[in-house]
Amino acid sequence: MALRQRPHRLLANSKRLCEDRVSSRMRHQKKTIKLGRTADHRRALLANQVCALIQHQRIKTTLAKANAVRPLAERMVTLGKNGSIHARRRALAVLRQKSVVKQLFDDIAQRSAERNGGYTRIVKLGARKSDSARMAFIEWVDAEHIAEQKPKKEKKAKRKEPEAKPQQITPEPEQPTPEEPKAEAPAPKQEEPTAPPAEEPKSKKRRWFGRKSDDS
């Protein structure tokens, strides 16, 4: 005899089948941009991006990352506008950098006090050359006002330095130099006794045989 399944098991199996069918068709209530990373890696990446945005006022990244950073950055500004100790602790638990949290609460949240949302702006830049990824700027909306308030440093035109004229050198009076002691002449070398020249042999008189002198 085949064993009958209990009713609660039948109900669980039917629910599981329904969930599988719905999940394979549509993606309801799933707004997380996963970026091809695990949950911990994605959380650390977004926190670092928000910290860089707070420090530099504008960052350049891919469009997918910019869309993922935007809600987290605006949530941090909302905590900064609250200003309580509990809000600081919540922001520090996400960002993990005390100096960045201080700048968020003291500077960025104060600038956005009159806004009810929309603290950031995304500017699309086009495709990247290496892998054709879509790039974008993400920046604070109030960052332009800060840039306008800062006075621009005027660049001074570099003046050409006049060429130095050759200075006339006045001859200095010659100072008498102490006379150096003259070097002693080298002693004459003793001439070695030379051998007497050899006597040249006397030329022998030729005798003419066969001829008699006229006197004889």
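The values are calculated or read from the model by the stated rules, or taken from the named source; none is laboratory data. Computed from a predicted structure; not experimentally measured. Please note: Cβ atoms are built from the backbone with ideal geometry, for glycine as well, and neighbour counts cover all protein chains shown. Areas reflect the complete protein model, heavy atoms only, side chains present, ligands, DNA and RNA absent. Shrake-Rupley method; radii C 1.70, N 1.55, O 1.52, S 1.80 Å.
Solvent exposure of residue 105, expressed as accessible area, is near 10 Å², computed with a probe of 1.4 Å over the protein chains only. Structure note, pairs 81/102; 65/124; 34/65: Cα-Cα distances above 18 angstrom do not occur. Note that the stretch 50-100, at 25 °C in a medium of 0.890 mPa s, gets a Stokes-Einstein diffusion coefficient of 213 µm²/s from its Kirkwood radius over C-alpha pairs. In this structure the amide hydrogen of residue 125, modeled in the peptide plane, comes within under 5 Å of the amide hydrogens of 135, 136, 137, none closer than 5 places in sequence on its chain. Which FRET efficiency, nearest 0.05, do residue 141 and residue 89 yield, Cβ-Cβ r, R0 45 Å? Between residue 141 and residue 89 the formula returns 0.95. If you put +1 on each Lys and Arg Cβ and -1 on each Asp and Glu Cβ, how big is the dipole of the stretch 21-75 around its Cα centre, in Debye rounded to 20? Here the size comes out at about 340 debye.
Taking all protein chains as they are arranged and a probe of 1.4 Å, the heavy atoms of residue 131 leave approximately 90 Å² accessible to solvent.
Other residues with beta-carbon under 10 Å from the beta-carbon of residue 108 carry, at +1 per Lys or Arg and -1 per Asp or Glu, a net charge of -1.
Phi-derived couplings, Karplus 6.51 cos²θ - 1.76 cosθ + 1.60 at θ = phi - 60°, listed residue by residue for the stretch 73-82: 5, 6, 5, 5, 5, 4, 5, x, 5, 5 Hz, with x used for Gly and Pro. If R0 is 22 Å, the Cβ-Cβ spacing of residue 107 and residue 48 corresponds to a FRET efficiency of close to 0.70. Expressed as a fraction of 2.2 N^0.38 Å, the C-alpha radius of gyration for the stretch 67-143 is 1.26. Computed from label points 7 Å out along Cα-Cβ, the spacing between residue 122 and residue 16 is 3.8 nm.
Once all protein chains are placed together, residue 26 keeps about 120 Å² accessible to a 1.4 angstrom probe.
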